[in-house]
Amino acid sequence: MAKLTIDGIEVEVPDGTTILNAARQIGGEVVPPAMCYYSSLKETGGKCRVCLVKVAQGSGKDPRPMPKLVASCRTPVADGMVVQNITSPEVLEARKGVVEFLLLNHPLDCPICDQAGECDLQNLAYEHGAAHTRYEEDRRTFDKIDIGDKIKLHMTRCILCYRCTYVANQLTDNRVHGVLGRGDKSEISTYIEKAIDNDFSGNMIDVCPVGALTDKTFRFKSRVWFTKPMDAHRDCPKCSGKVVLWMKGEEVLRVSARKDQYGEVKEYICNECRYDHKNVKDWTVEGPRHIDHHSVISQNHYEKIDLQKLKKEVERQLVFQKGKQLPEPNNALNG
Amino acid sequence: MGRKLLLEHINEPGIQTFEVYRKKGGYSSVEKALKTMKPDDVTEEVKKSGLRGRGGAGFPAGMKWSFIDKKSEKPRYLVCNADESEPGTFKDRYLMEKIPHILIEGMITSSYALGAKTSYIYIRGEYMYIVRILEKAIEEAYANGFLGKNILGTDYSLDLYVHPGAGAYICGEETALLESLEGKRGNPRLKPPFPAIAGLYACPTVVNNVETIAAVVPIINMGGDEYSKIGVGKSTGTKLISASGHINKPGVYEIELGLPVEEFIFSEEYCGGIWKDRRMKAVVAGGSSVPILPANLILTTAKGEPRLMTYESLADGGFATGTMLGSGGFIVLDETASIVENLYTFARFYHHESCGQCSPCREGTGWMEKILHRLQNGHGKKEDIDILVDVAKKIEGNTICPLGDAAAWPVASAVRHFRKEFEEAALVHAHKELVA
């Protein structure tokens, strides 16, 4: 076990844990954002650089700081390590820079993007970005292409997180797509116009942090905040069958895998569940899905408040904000 | 005349052949190492010599060797980095082309020290004609019992292969090189683990530059202590410098580290001064990836002492007044050269060569190139200069591999030392606006 502090909060985690996952055990503000890391996919991370943190003390044995900011998603913890995330101006400055880089070639077409309201980059830009761009050059554009009969690739929006290629590599048979070209001319593409048509290809849509890969059975049918996410399941021979039904009235507009608080899928679903069962009768509906109240998806979405959970969140905030003026618990309830 | 260790026999007719090379004392380091020394003794001699990596980073070679995981039961590999792609750097090409057997000899001796049974020379694809030269030299070494099974009748066996890349600067970064050697896209790996623990095929691996490996030959022949007497301080031995630009005698020179920069540029033995009797304006001392220095700073340090061709003297305590020896790609610019234009050329190169894996390098190198393109063509604004510096700052230190730093350092230093030129370039735009 290793004991370390992240932004002044102590946490003990098993050896080999990464800084990011140690921060996730604390939760809240000390968790660095992640655009390319995906805990259930091996070897992901280290590419987008938004999770950079400062290691102010390498370990108890070797207290020297690390000379550069490190990618928290790929750097293992050490006993006695001292990490700074939001308490380091250097980290916040670097992160602001990375957000600016990510937005250079990403069109801000949220009003027409299917991912709007569920976009990690939108959230990241809101939290760490600048209000104005300094970039005045032409932006990179691509034609939209179909990679399979159910998935549309809009490469213009892609931030090259590589997550979909890891899904293709690790979850599906006969990998037919990857990254072509290099530098800012890199693009995700299929191998000589091949289609991605295996049983788990739809998961590429769920892992995409932006709107580059979209579900053709849902595209432009509705805005996500007009839908009602419901947890549901069915008896599926291929996958767990645990999904989220995105409904409008009694109509199922979209089926997706369930994501955790960090936007990651823990149980991938098969294409049959995703695309072929758009009738509510096919499913056992469990109830409304919990949506964080900060999310735009929570608009018009009602669920029973878990007071125990809320109490824990307030307690966590108290630990984090010690020394500062504390918010009244009732304020959090109204938030 | 400075002492020559690597290029001593360069002008000997037929030195490319095994026969002539052997007659001139070639392969004696292999004989000495295999017959009279234990592998660890060879490493110890390299440590004593103070040899620092000649590829650019200048990390002590013997220390790098000692990091190799000896507890691992996996095979160990020595990989020679012959992917010399830095603009302004062409010394490895010269060495391999003119005297290939010194590299083969160094590979055998170094592989013995590391306990490698298979070694590779990873060479850039554009050097295809050198691939043939090396393959011929390897064939001769096999035929004469210096490669293959039981070399010189000892228990040590080694196979050596030359592997050409497909032509990508990024494959000169050691982990991208290993990816490429494994047949994959040449993207740098995240470290740790370092190659000494998990390198080629996840086995303990040492990656060394051509010149570093060749330098093992004189080190073993003369002894590490003797070698360390050449040079100044922690910059020991000789160094190949590829000199280019506005000088009278461009070429590859072997210098003893510690030679004054002024002597290197102006003496007849080396560069022979600035061409057409012009004044020197600036120097890029270690290949295009290092900070550029104006004439006054390249000849004297911040303390007013003569600048020496050493890792320490060129660094001069930081980038405000210093630069790096790097790979030894010495580019001299005369008074007529445009810094903005030269920087644009560098920026175009790094933008083209970025692998695209990490966001700051993928997007930032392109942004810098585009700003410089505008400045160079009279469309830039004064505000662009600060944006340019800020973009470089946001790339530096935040990328997976050093290509980001390599792209950022020349930008930051060029603006620092030659800001007026950038402002003049921006004035063209301001003038156009006024006229309109």
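What are the pairs with Cβ atoms under 7 angstrom where one residue, in segment B:171-187, is touching a residue at least 60 places away in the same chain (Cβ under 8 Å) and away from chain A (no Cβ under 14 Å) and the other, located anywhere, is surrounded by fewer than 23 Cβ atoms within 10 Å (Cβ to Cβ) and not in a loop (DSSP other than H, G, I, E, B)? Sequence gap at least six, or different chains.
Hits for this filter: B:LEU181/B:HIS163.
Looking at segment A:190-202, can you tell me whether even one residue there is closer than 30 Å to B:LYS370 by Cα and in contact with a His (Cβ under 9 Å, 6 or more places away or on another chain)?
So far as segment A:190-202 goes, yes, one or more of its residues are closer than 30 Å to B:LYS370 by Cα and in contact with a His (Cβ under 9 Å, 6 or more places away or on another chain).
Among strands (runs of 3 or more DSSP E) lying entirely in segment A:119-232, which contain 3 or more residues that are closer than 30 Å to B:ILE387 by Cβ and under 18 Å from the mean Cα position of the chain (by Cα)?
Because the criterion is at least 3 residues that are closer than 30 Å to B:ILE387 by Cβ and under 18 Å from the mean Cα position of the chain (by Cα), no strands (runs of 3 or more DSSP E) in segment A:119-232 meet it.
What residue, among those in segment A:182-224 that are farther than 23 Å from A:VAL99 by Cα and small (Gly, Ala, Ser), is surrounded by the most Cβ atoms within 10 Å (Cβ to Cβ)?
A:GLY202
Residues to consider are A:ARG74, A:ARG64; find the one that is among the charged types (D, E, K, R), under 21 Å from A:CYS161 (Cα atoms), open to solvent by 40 Å² or more (accessible area, probe 1.4 Å) and part of a loop (DSSP other than H, G, I, E, B).
A:ARG74
Residues of segment A:167-181 being in contact with a Ser or Thr (Cβ under 7 Å, 6 or more places away or on another chain), within 13 Å of chain B (Cβ to nearest Cβ) and open to solvent by 20 Å² or more (accessible area, probe 1.4 Å), which ones?
Within segment A:167-181, A:VAL179, A:LEU180 qualify.
From the residues in segment A:77-101 that are within 8 Å of chain B (Cβ to nearest Cβ) and not acidic (Asp, Glu), which one is surrounded by the fewest Cβ atoms within 10 Å (Cβ to Cβ)?
The selected residue is A:GLY97.
Based on what the data block shows, is B:PHE330 buried (at least 24 other Cβ atoms within 10 Å of the Cβ) and either within 20 Å of the chain's Cα centre (by Cα) or assigned to a strand (DSSP E or B) (or both)?
For B:PHE330, the condition - buried (at least 24 other Cβ atoms within 10 Å of the Cβ) and either within 20 Å of the chain's Cα centre (by Cα) or assigned to a strand (DSSP E or B) (or both) - is met.
Taking the condition crowded, with 23+ Cβ neighbours inside 10 Å, modelled with pLDDT of 95 or more, in a helix (DSSP H, G or I) and of a type in the set (S, T, N, Q), does B:THR345 pass?
Taking the combined requirement at face value, the residue does not satisfy it.
Take the residues in segment B:348-390 that are of a type in the set (S, T, N, Q) and outside any helix (DSSP H, G or I); name whichever of them is farthest from A:ALA94 (Cα to Cα).
If we take residues in segment B:348-390 being of a type in the set (S, T, N, Q) and outside any helix (DSSP H, G or I), then B:ASN377 is farthest from A:ALA94 (Cα to Cα).
What are the residue pairs meeting all of these: first residue in segment A:263-284, first residue acidic (Asp, Glu), second residue assigned to a strand (DSSP E or B), Cβ atoms under 7 Å, and 6 or more apart or on different chains?
Sorted first by the residue in segment A:263-284, then by its partner, the pairs are A:GLU267/A:LYS242; A:GLU267/A:ALA257.
Residue-wise test of (1) over 20 Å from the mean Cα position of the chain (by Cα); (2) at negative phi.
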position: B:LYS239; (1), (2): no, yes
position: B:VAL252; (1), (2): no, yes
position: B:SER267; (1), (2): yes, yes
position: B:ASP277; (1), (2): yes, no
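Any residue at all in segment B:281-304 that is over 24 Å from B:VAL389 (Cα atoms), of a type outside the set (Gly, Ala, Ser), in a loop (DSSP other than H, G, I, E, B) and in contact with a strand residue (DSSP E or B) (Cβ under 8 Å, 6 or more places away or on another chain)?
no
Please go through segment A:29-58 and pick out each residue that is in contact with a strand residue (DSSP E or B) (Cβ under 6 Å, 6 or more places away or on another chain), open to solvent by 10 Å² or more (accessible area, probe 1.4 Å) and within 12 Å of another protein chain (Cβ to nearest Cβ).
Correct list: A:LYS54 only.
What about B:SER359, is it more than 15 Å from A:GLU136 (Cα to Cα), facing chain A (nearest Cβ under 8 Å) and free of Cβ contacts under 8 Å to residues at least 40 places away in the same chain?
yes
The values are calculated or read from the model by the stated rules, or taken from the named source; none is laboratory data. This structure is a prediction, so every number in the text was calculated from the model and none was measured. Note that we place each Cβ from the backbone using ideal geometry, even for glycine, and neighbour counts take in every protein chain shown. With ligands, DNA and RNA removed, areas are computed over all heavy atoms of the protein, side chains included. Shrake-Rupley method; radii C 1.70, N 1.55, O 1.52, S 1.80 Å.
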